[in-house]
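K.L.:
This is the structure, below, for whatever I ask next.
The values are calculated or read from the model by the stated rules, or taken from the named source; none is laboratory data. What you see is a predicted model, and the numbers here were worked out from it, not measured in a lab. In this analysis, Cβ positions are derived from the backbone assuming ideal geometry, glycine residues included, and neighbour counts consider all displayed protein chains.
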Amino acid sequence: MTETVHRIPLRASVGKPVGAVVLVGEWRQHHPDNARGWVRAYSFVLTGSAGHPRPWSIRFRLPEKVRARVNPLQTFTRFTVVRDGPELFEITARPGHNPLPGGTLAVDLQLLHETREYAGDPALLDLEFG
């Protein structure tokens, strides 16, 4: 895994979780046949807002001409994939997986690109919480 780290700003409405997202690494995935390609791993760190903890969702799109899907080898314990690319993505909290007020919750997401060349810019655009 490369030591590539990009801090990408995160916008969130008042009263919803806030946090940051970091590209924590990227690597070539050689198998199985249906999941070969270039993986980029992102970590979203959510901070719970004051008051009642609410379910969260994260939505974003990829830069133009960059296509991907959620890595089928990743195990999802904290979220459900609602929209799986190739350009737009949305994940939502599973019951019991919300940050407590003032606490944090790490949400890791891997995107699988066809090749490193097609992976393009690692930025996540229009990133927002729902």
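K.L.:
What pairs can you find where one residue is in the range 58-77 and closer than 15 Å to Pro122 by Cα and in contact (Cβ under 8 Å) with a residue 40 or more places away in the chain, the other is in a strand (DSSP E or B) and of a type in the set (Val, Ile, Thr), and their Cβ atoms are less than 9 Å apart, with a gap of 6+ or different chains?
P.N.:
If the second residue must be in a strand (DSSP E or B) and of a type in the set (Val, Ile, Thr), the pairs left are Phe60/Val21; Val70/Val81; Val70/Ile91.
For (1) over 28 Å from Asp33 (Cα atoms); (2) surrounded by 18 or more Cβ atoms within 10 Å (Cβ to Cβ); (3) out of contact with any Pro (no Cβ under 9 Å at 6 or more places or on another chain); (4) of a type in the set (Phe, Trp, Tyr), each residue gets a yes or a no:
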| site | (1), (2), (3), (4) |
| --- | --- |
| Arg69 | no, no, no, no |
| Phe76 | no, no, yes, yes |
| Asp84 | no, no, yes, no |
| Pro99 | yes, yes, no, no |
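K.L.:
Name the single residue that is farthest from Leu124 (Cα to Cα) among those in the range 35-57 being touching a Pro at 6+ places or on another chain (Cβ under 9 Å) and modelled with pLDDT of 90 or more.
P.N.:
Out of the qualifying residues, it is Ala35.
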